[in-house]
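Just below is one structure, and these are the notes that go with it.
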Amino acid sequence: MKPMRARACARLGPVMLAALLMPAAGTARAADEVATVTVQEPRAFGHVVGDRVTRIVTVHVPAGSAFDESSLPQSARRGQALELRQVTQRSRWQLVGSRHELTLVYQVFLSPPEVRTLELPPLTLRVKGPSRIEDLRVDAWPLTVAPLAPAEAPVREGLGELRPDAAPPLIDTGPARARLTAYFVLLLLAAGYLGHVYLGLPWWARRRRPFTMAWRALRGLPESAFAERRQEMFKRVHEALNQTAGQVLFEPDIERFITAHPQFAGQRAELALFFQRSREQFFAGAAAEATDHDAWLRRFCKACCDAERGAA
């Protein structure tokens, strides 16, 4: 048994020795590793005032070291031709160290009269290790800035003196005019309807009142022709009474007529007299020269016309 144990120990010896030496070797390699920096620069040409350029700086920090964020560039003071507007940092830690990506955004604030070369300023970034401090330098980078326009414009139409102001654009008023026309037509239709309902129909109804029409016929008849057409005039007054009563009206119906149409109450006696003279005219053979009947019939018809429209 002792020889076998000796042989096993002989085999394990080198393995244990290697396991003991590996951490020391890793520490030595980590001490030998250094921080590195890579830069992605913007294009160096074709810039004008107002352009923004982006510079991406990537710092690789070995394990055991740390990136000193106090070495980050600060926003530049105002009024410079090239100003640092924004600094963004993204960090990622790995087994072999860490990676820090810096995004620097610059803006051009210069419009030179001729092509001019500016420079993105150099940077010094610091990495702190267990035994030393490393400074990583990023060199300056050129930027070519061109003028917006030449100092003297060529003598050509549109490039020389200032052109006059353009005429204001015309606005199409066709739809607005069409709407206004439609509104005006609708307004006329509405006004016509209201006028017809509140003015035309009442006026027409007044013109078509029974006693109004009878009075119009009597008033337009000359005195010389009244005696010849006296019976016709009596018939017109009878028709007006019948239309107002809604039936054929006789003398016994006077009280019932006045009850239904109280505006004729003031003509009670005249109504009775009308039926009496009407009988004389049609059935008793009244003398043709009874001109007093003519004047009375006019007055009676006028009084009924006034009572009909509420004026008496």
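The values are calculated or read from the model by the stated rules, or taken from the named source; none is laboratory data. As the structure is a prediction and not an experimental result, all values here were calculated from the model. With ideal geometry, Cβ positions are generated from the backbone for all residues, glycine too; neighbour counts draw on all protein chains shown.
The table for this structure:
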{"item": "Verdict on Ala81 being modelled with pLDDT under 85, under 48 Å from the mean Cα position of the chain (by Cα) and either farther than 25 Å from Thr38 by Cα or outside the structural domain of Gln40 (by TED's automatic domain parsing) (or both)", "result": "no"}
{"item": "Residues of region 112-135 that turn out to be among the hydroxyl-bearing types (Ser, Thr, Tyr) and farther than 25 Å from Ala44 by Cβ, as a count", "result": "1"}
{"item": "Conditions (1) under 12 Å from Glu308 (Cβ atoms); (2) modelled with pLDDT under 85; (3) over 60 Å from the mean Cα position of the chain (by Cα); number of the one not met by Arg229", "result": "(1)"}
{"item": "Residue under evaluation Ala28, criteria (1) surrounded by 12 or more Cβ atoms within 10 Å (Cβ to Cβ); (2) at pLDDT below 90, criterion not met", "result": "(1)"}
{"item": "Some residue of region 192-204 being surrounded by fewer than 11 Cβ atoms within 10 Å (Cβ to Cβ), at pLDDT below 80 and in a loop (DSSP other than H, G, I, E, B)", "result": "no"}
{"item": "Condition check for Arg126: basic (Lys, Arg) and either surrounded by fewer than 16 Cβ atoms within 10 Å (Cβ to Cβ) or without any contact (Cβ under 8 Å) to a residue 24 or more places away in the chain (or both)", "result": "no"}
